[in-house]
Amino acid sequence: MAARLDCFGLSELTAKPEDAFRLASLAMAEGTRIPGYRGDYSRMRIGDAEVIFRSMGDPATGEEELLGMDTHGATHCVWSCTVVKDLTPAEADPMSRRVLVRTTGEDRAVVDLVCPEVLPDIREGDSLRLGMTGFPLRVCYETEGESSGVVEAQEDTVLLQGTVKDAKVGETYLGMEPLTKFLSVTVTTRMGDVELCHPMELVAESERDSVKPGAVVSAYCTLSGDCAVGEYAGGVVFDEDRDFAALTAFFRRGGAQRLLPLLRSDCACTFLENRQEGAANALTLLELVREDLADAGLCACAAGRLTSEGNRGRRCLLLGDGEGNYAFLVLLELDSLGRVRALTITNDPRYDFEPEA
């Protein structure tokens, strides 16, 4: 959703459909592949700019389908924020998300997420760590006055005011060929630092000498937040916490194909007396089980622990009606890489459990 090549002066790279396809092919061949749950992202640096292409396999044919492109800046600005609301448009593809976030204060920001499918789930109240870039539609720099640092959310944009922390000329190039130059301005706001990327032409001539540290900047812009930072820089992370989070998302909203990356190829899935081996068979069984649970109103999830002798403290996922009545529990066996070797959905009375506080 945050495809703003114009902010880097690179609009010509996708001026024609064949140009966009050529850039996508280059990114997928020579860029960094970042695996997600539902598909992959191909990130390619173009100097101080980045293009990220979204792709996922077609369940019917198995062929990779190109969904779209995002842009981002080379930034060290990171926000630690909390999801307030999901604002993803209905027409967005499955590899895109837009959210309203907050930090410690009252300010709110609308952020288009880059690489959101590296995360097991994104729900209201979840904590996110995002690499932040802003793409101004309008911007004003002043050397006089004080900055409030305010960030105010609009429908799909933000109004922000902050203080310039650093200002430099960013450069783009493909291989050894220089392409364009743009302004890369680090701005401090009440929600955290953000890297504003835009052409010099966006700044009024009378304000260009004010683009320097200490200046006050006001901008009307779209924000891009990269989820593939820190421990997620290489893509999906497998461990017990994240595997249970991905399963919780599946039981709540469906989408069994999203579970494929966390299942071993020889994974065994057991529901009561029905045991299926192999990842494809396991996904088919899980889809059928979820349909039955949804029909029965039993897709509410809660984290739990076993309390029975011999299994005391073992983690499980409780499935019930959302009113404290649990009909089934889900148990996982993981390999050394955190991927699922065996998944069991059972109502065996020998398993005593209690919900986690």
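Quick notes on this structure:
- Enumeration of residues in region 45-65 that are in a strand (DSSP E or B) and closer than 20 Å to Val236 by Cβ: Glu50, Ile52, Phe53, Arg54, Ser55, Met56, Gly57, Glu64, Glu65
- Filter pass, Met69 being of a type in the set (A, V, I, L, M, F, W, C), in a strand (DSSP E or B), under 28 Å from Tyr173 (Cβ atoms) and without any contact (Cβ under 8 Å) to a residue 24 or more places away in the chain: no
- Restricting region 165-185 to residues that are open to solvent by less than 10 Å² (accessible area, probe 1.4 Å) and in contact with a Ser or Thr (Cβ under 7 Å, 6 or more places away or on another chain), the residue that is nearest to Ser210 (Cα to Cα) is Gly170.
- The lone exception for Glu12 - which of (1) out of contact with any helix residue (DSSP H, G or I) (no Cβ under 6 Å at 6 or more places or on another chain); (2) in a helix (DSSP H, G or I); (3) in contact (Cβ under 8 Å) with a residue 40 or more places away in the chain it fails: (3)
- Residues within region 219-240 that are touching a residue at least 60 places away in the same chain (Cβ under 8 Å) and part of a helix (DSSP H, G or I), tallied: 3
- Of all residues in region 112-127, those being out of contact with any Lys or Arg (no Cβ under 7 Å at 6 or more places or on another chain), in a strand (DSSP E or B) and open to solvent by less than 10 Å² (accessible area, probe 1.4 Å) number 1.
For (1) open to solvent by less than 50 Å² (accessible area, probe 1.4 Å); (2) closer than 23 Å to Gly131 by Cα; (3) in contact with a Leu (Cβ under 7 Å, 6 or more places away or on another chain), each residue gets a yes or a no:
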| site | (1), (2), (3) |
| --- | --- |
| Leu13 | yes, no, yes |
| Lys16 | no, no, no |
| Glu50 | yes, yes, no |
| Phe53 | yes, yes, yes |
| Gly57 | yes, no, no |
| Gly62 | no, no, no |
| Leu66 | no, no, no |
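- The one condition in (1) touching a residue at least 12 places away in the same chain (Cβ under 8 Å); (2) aliphatic (A, V, I, L, M); (3) within 17 Å of Gly47 (Cα to Cα) that Met176 fails to fulfil: (1)
- Arg312 surrounded by fewer than 19 Cβ atoms within 10 Å (Cβ to Cβ), basic (Lys, Arg) and touching a strand residue (DSSP E or B) at 6+ places or on another chain (Cβ under 9 Å): yes
- The lone exception for Glu152 - which of (1) in a strand (DSSP E or B); (2) modelled with pLDDT of 95 or more; (3) of a type outside the set (Ser, Thr, Tyr) it fails: (2)
- Of the strands (runs of 3 or more DSSP E) entirely within region 291-357, those holding at least 2 residues that are modelled with pLDDT of 95 or more, under 28 Å from the mean Cα position of the chain (by Cα) and not aromatic (Phe, Trp, Tyr) occupy 300-306, 315-320, 326-334, 340-346.
- Within region 248-269, the set of residues being open to solvent by less than 50 Å² (accessible area, probe 1.4 Å), assigned to a helix (DSSP H, G or I) and out of contact with any strand residue (DSSP E or B) (no Cβ under 6 Å at 6 or more places or on another chain) comprises Ala249, Phe250, Ala256, Arg258, Leu259, Pro261.
- Screening region 211-239 for residues that are over 13 Å from the mean Cα position of the chain (by Cα) and aromatic (Phe, Trp, Tyr) and picking the one that is surrounded by the fewest Cβ atoms within 10 Å (Cβ to Cβ) gives Tyr220.
- Top-ranked residue in region 315-357 [being free of Cβ contacts under 8 Å to residues at least 40 places away in the same chain and more than 22 Å from Asn274 (Cβ to Cβ); ranked as surrounded by the most Cβ atoms within 10 Å (Cβ to Cβ)]: Asp321
- Residue count, region 90-105 (criterion: open to solvent by 10 Å² or more (accessible area, probe 1.4 Å) and not in a strand (DSSP E or B)): 8
Each row is one residue, and each column tells you yes or no for (1) open to solvent by less than 30 Å² (accessible area, probe 1.4 Å); (2) under 25 Å from Asp193 (Cα atoms).
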| position | (1), (2) |
| --- | --- |
| Phe21 | no, no |
| Asp40 | no, no |
| Lys85 | no, yes |
| Thr88 | no, yes |
| Asp107 | yes, yes |
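- Looking only at region 190-204, and only at residues there that are touching a Ser or Thr at 6+ places or on another chain (Cβ under 8 Å) and in a strand (DSSP E or B), the one that is surrounded by the most Cβ atoms within 10 Å (Cβ to Cβ): Val194
The values are calculated or read from the model by the stated rules, or taken from the named source; none is laboratory data. Keep in mind the model is a prediction, meaning the values are calculated, not measured. Here the Cβ is made from the backbone with ideal geometry for all residues, glycine too, and neighbour counts use every protein chain on show. Remember, those area values only see protein heavy atoms, side chains included, never the ligands or the DNA or RNA. Shrake-Rupley method; radii C 1.70, N 1.55, O 1.52, S 1.80 Å.
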